[in-house]
Every structure is written in structure tokens, then in C-alpha cells.
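This report concerns only the one structure given below.
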Amino acid sequence: MEPQIVTRMADGTLTEMTRSEIRRDLEDGVQEAVRRAKVEPLEADELDHLLEIFASPARFTAVDIGDEVMLSFDGTGAPQFDRIGGLLLYEQCLAADSLELFHQDYSYKAVKTLVPHEQMAMKHAQERLTIPVHYGSQPDLGRYSEPDGPCQNWSMLLPELRIDEARAAQEQAVELAVDDMVHVAEALWEVGADGINFDTAGAAGDADLLATLRAVETLRARHPDMGIMIGMAAERVLGAHGQLTYKGTRIAGQWPAGQQKLVEEAGATIYGPAVNVNTGRSGAWNTSRALALVKPCCAAAGIPVHMNVGMGVGGVPMHTVPPIDAVSRVSKACVDVLRLDGL
Amino acid sequence: MPVAHAVAAGMGGMRAAGDLVARLQMAKGMRLAAAKTYVAGRLGVAERDLSDCAAMQEARAEHGLGQIYEGEAPHAFDPSPLEAKANISRLLDLPINCITRLDARRGA
């Protein structure tokens, strides 16, 4: 009988699996990605390597010396500290390579009303911190719909089959969102931010991502030196509108390889794919699936690819305190297999 | 969680040269291998040294790039964050936004 190995589910709970079961989960995760996204499967030696990572009894694992990658963050800080104190914590104590100043109401629409105060915070951050500090928030297109915004609520129109009205509402929201994102980004750049992050782009579907791409295109044209990061919300862009295109490419339905091309075309300098976990499956299953989905864009990318490996993405368990055994396995798996530029 | 990723796979930030590589990636869209080669070349160190905090603390002190403030070893006469970033900008030949604006305000 095979010995049981302690491993994790993607909801963070400990479980036990045999080596064969872990291998089967790794293969199943890859096949799920192949089936859904029509990507190539991982190579046999890559699966072998993942098996060694996930079948290890070690509490912690890490990449080889020399294989370290850049760590970019969203939302750096801690509730136990003030905002600048939180950034200093990450710089001085948590070995961050870059930082993000953000507002708790993490939406460009919300931040627009507070821009002067965010500018002050960024000014202080740049005076007290040495490592790069960018500003980040979310496009959050849904905020532009009723009751929070001026546009009709397409989430309510769609079930009523009022498709044309739903599309028109999203197109109206896109225009408003682009204005807000450009306004905030330029304001923070003006006081010395090292760059801008558009987090969870595409969260409200293809219109959400279109707004982000257009904002980035505008910013790139006006500010050739601006660092711009686009982090995605999910592995596939939902077609809430369905007919939107960016430079001739339909946005709805794009997987990471397609998303990366759009992001690069718009003028971003870092692309962050996101693959959401299935909490009912193991960490091994989720990680192998995520790697298979993202692998196509890593070699082809002309800009850095930073896999999103926060809570519930990239194979990291969906838990408020993700266990370090699971997190470190995802780190090593992503770096070793994808040869990506950061996490 | 950030600690786990940093220890498992990170370049070490200001403990080593992670922030320098980060600047090239963020500002120039430079991929990791190219960014490491560039930074190592400008610093005059081996690429493997970039994530070695023992090697990089010496290099950072030598070039005035800022160091971690440890309780056992305060660096009262080290450059301030703004000074360090000015030095980083010069060393990497890379405009840093806040330094560019500071210089403009000061007429430098």
C-alpha cells in the first residue's frame, strides 16, 4: 500500500493523498486546461518535476539559488500600521521588490474623488521609501452602473434579454471609466509614482478590460516612461457585452495567451495572468491547471509576465491565511516550469 | 503569504538587488533575464550575486543605493531614500519619476 502524503486542498485544508493520487491530480489538472482552453499539455518532465514538489513531505520549498524572480504586489500594507508604515514594513522586513500604494476603496471611480489625498500619500511614500512604489486600483466597471453609477445596470438588463440596452450601458460605462483611470493615473504620476497598476482587469467582463486597455493606450501615448501593470481578474474574459474588440481582436473569451497580446499591444510594461482556483480540488490539480493555461504566453511575451499568486489564484489556496507549504510549492512550481519574470 | 513567496522565490528586495531589477521591469518592460544581465553589468557583479544579500549589501553600500535598517547595524550616514534613488537612477541610467521631478523643482 502506498504511503499517504500530507498535502493541501485549494480551500487550505490539509488532506492526505498517495503519490499516485497526486500524480493523477496533476495530470487531470492539465487535461482540464487542455480541454477548456485548447492549450498544449505540460511536458512529461514538467509533470515529473511537479510531482516531486507536491509529493515532498517538507514544510517549505523554494527555487534554486539563482532562479529568483521579481515580486510585484498589489495592496501592500497591513491594517496594524498606517499606510506608509505598512509600505515600510514590506520594504524593510518582508523583502518586497516593489510596492503598491492603494486606497481601501479599491476602485478608480472611488479614488477619483480623493485624488489630492492620494497624491499626498504618494509624495510621502516616495520620500520615505527606496524601492519602487506604484499606485494601484481596479477598473471595477460595475461601479458605473445603477445604483452606484449613472449607467443602466447591465447585470439586470441581460436576464431580461434587453441585450442592446445592456451593451449600450456597458459602452457608456467604458467611456466614463477610461476618463477616471487616466485622470487618477496621471495625477499620481505627476507627484512621482513609479508606475500604475490596473488590478483585476476584466472583472466585469470584456467591457471592463476594454476600458483598461484604452486607458493604458492613452497613458502610454502621453507618458512614454510610465510603468504600467495590468493584472487580470480571471483566466478567461467573460463576454458580458460579447462584441467588443480591441484593435480588431474580440476581447470576450480570451485566455491568458490572448490577454497577454492585448495587454502588450495597449502599451503595458507588465502582464499578470490570473487563474482562479477550484476549492474542491487539490493544490496540485489547481497548480498544474494554472501552469498549463499560462505557459503559452511566457515564451511569446515581449514584456514581463508576473503570475498572480495571491489568495485563490495561481494554485494558492483560497484562504485568508494561505498555508506556507502550499504557497511555497506554488512559487517554486511557477518559476521552475513557466520560467516567468515574476510573481 | 507575501513572506512565503518572498522566501521561496523572491530576489530579496533591498536586502539584495530585487528593487533594481524591479525598476527595469516596471519602467522598461524588460524581461527578467535581460533585466538581471543589465543590472549586474551596471553594478559590476555576477548575476548570481543579485539575489545574494551578503554580496549586495556591500555593493549597495559602495554605490549608495540604500540598505535595510537593522537594529544591530544602523546606517545613519547612508543616503536617504531620495538620495539612494538618485544614485540608482544614475547607476542604472534609468529615469526615476520622483527624482526627475525633484530635480526639475530644484532647477538641477
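The values are calculated or read from the model by the stated rules, or taken from the named source; none is laboratory data. Note that the structure is a prediction, hence the values are computed from the model and not measured. Positions of Cβ are backbone-derived with ideal geometry, glycine not excepted, and every protein chain shown enters the neighbour counts.
Taking the condition among the hydrophobic types (A, V, I, L, M, F, W, C) and under 30 Å from B:LEU94 (Cα atoms), does A:MET181 pass? When the stated conditions are applied, A:MET181 passes them.
What do you reckon, is A:GLN119 closer than 30 Å to A:TRP285 by Cβ and modelled with pLDDT of 95 or more? So A:GLN119 fails the test.
For A:SER98, only one of the following conditions fails: (1) surrounded by 16 or more Cβ atoms within 10 Å (Cβ to Cβ); (2) within 11 Å of chain B (Cβ to nearest Cβ); (3) more than 23 Å from the chain's Cα centre (by Cα). What is its number? Checking A:SER98 against (1) surrounded by 16 or more Cβ atoms within 10 Å (Cβ to Cβ); (2) within 11 Å of chain B (Cβ to nearest Cβ); (3) more than 23 Å from the chain's Cα centre (by Cα), the one that fails is (3). Filtering the stretch A:233-283 to residues that are charged (D, E, K, R) and on the phi > 0 side of the Ramachandran plot leaves only A:LYS247. As for the stretch B:9-22, it holds no residue that is more than 11 Å from chain A (Cβ to nearest Cβ) and free of Cβ contacts under 8 Å to residues at least 24 places away in the same chain.
Checking each residue in the stretch A:174-205 for being away from chain B (no Cβ under 12 Å), over 17 Å from A:HIS117 (Cβ atoms) and touching a helix residue (DSSP H, G or I) at 6+ places or on another chain (Cβ under 6 Å) picks out A:VAL174, A:LEU176, A:ALA177, A:VAL178, A:MET181, A:VAL182, A:PHE198, A:ALA201, A:GLY202, A:ALA204. Would you call A:LEU141 under 19 Å from the mean Cα position of the chain (by Cα) and at pLDDT 95 or above? Answer is yes for this residue.
Do the conditions hold for A:LYS123, that is, is it crowded, with 22+ Cβ neighbours inside 10 Å and basic (Lys, Arg)? No, not satisfied. Within the stretch A:290-313, the only residue that satisfies the criterion of being buried (at least 24 other Cβ atoms within 10 Å of the Cβ), within 10 Å of chain B (Cβ to nearest Cβ) and under 17 Å from A:LEU42 (Cβ atoms) is A:VAL305. Restricting attention to the stretch A:144-169, the residues being within 26 Å of the chain's Cα centre (by Cα) and either within 14 Å of chain B (Cβ to nearest Cβ) or of a type in the set (Lys, Arg) (or both) number 1. Taken together, the criteria place A:ILE324 among residues that are out of contact with any Ser or Thr (no Cβ under 6 Å at 6 or more places or on another chain) and under 22 Å from B:ALA4 (Cα atoms). Taking the criterion of being within 9 Å of another protein chain (Cβ to nearest Cβ) and of a type outside the set (S, T, N, Q), the residues of the stretch B:39-52 that qualify are B:GLU47, B:ARG48, B:LEU50, B:ASP52.
B:PHE77 meets each of the listed conditions (1) hydrophobic (A, V, I, L, M, F, W, C); (2) more than 9 Å from chain A (Cβ to nearest Cβ); (3) in a helix (DSSP H, G or I) apart from (3). Residues in the stretch A:295-335 that are part of a helix (DSSP H, G or I) and of a type in the set (S, T, N, Q) were compared, and the one that is farthest from A:SER56 (Cα to Cα) is A:SER331. So is A:GLY342 closer than 14 Å to A:LEU71 by Cα, touching a strand residue (DSSP E or B) at 6+ places or on another chain (Cβ under 9 Å) and of a type outside the set (A, V, I, L, M) or not? Judged against the criteria, A:GLY342 is a match.
The residues on offer are B:LYS36, B:LYS85, and the sole one that is more than 7 Å from chain A (Cβ to nearest Cβ), of a type in the set (D, E, K, R), within 14 Å of the chain's Cα centre (by Cα) and at negative phi is B:LYS36.
Can we say A:TYR246 is free of Cβ contacts under 8 Å to residues at least 40 places away in the same chain and aromatic (Phe, Trp, Tyr)? Considered against the rule, which asks whether it is free of Cβ contacts under 8 Å to residues at least 40 places away in the same chain and aromatic (Phe, Trp, Tyr), A:TYR246 comes out as yes. A count restricted to the stretch A:54-86 and to residues that are of a type in the set (A, V, I, L, M), within 30 Å of B:VAL39 (Cα to Cα), over 19 Å from the mean Cα position of the chain (by Cα) and within 11 Å of chain B (Cβ to nearest Cβ) stands at 3. Taking the criterion of being under 21 Å from A:SER98 (Cβ atoms), more than 14 Å from chain B (Cβ to nearest Cβ) and part of a helix (DSSP H, G or I), the residues of the stretch A:206-251 that qualify are A:THR212, A:ALA215.
Listed residues B:ALA76, B:ALA33, B:ALA108; which is of a type outside the set (Phe, Trp, Tyr), modelled with pLDDT of 95 or more and either surrounded by fewer than 18 Cβ atoms within 10 Å (Cβ to Cβ) or under 30 Å from A:VAL216 (Cα atoms) (or both)?
Exactly one residue qualifies, and that residue is B:ALA33.
Considering each residue of the stretch B:64-73 in turn, at least one proves to be touching a residue at least 40 places away in the same chain (Cβ under 8 Å) and more than 7 Å from every other protein chain (Cβ to nearest Cβ).
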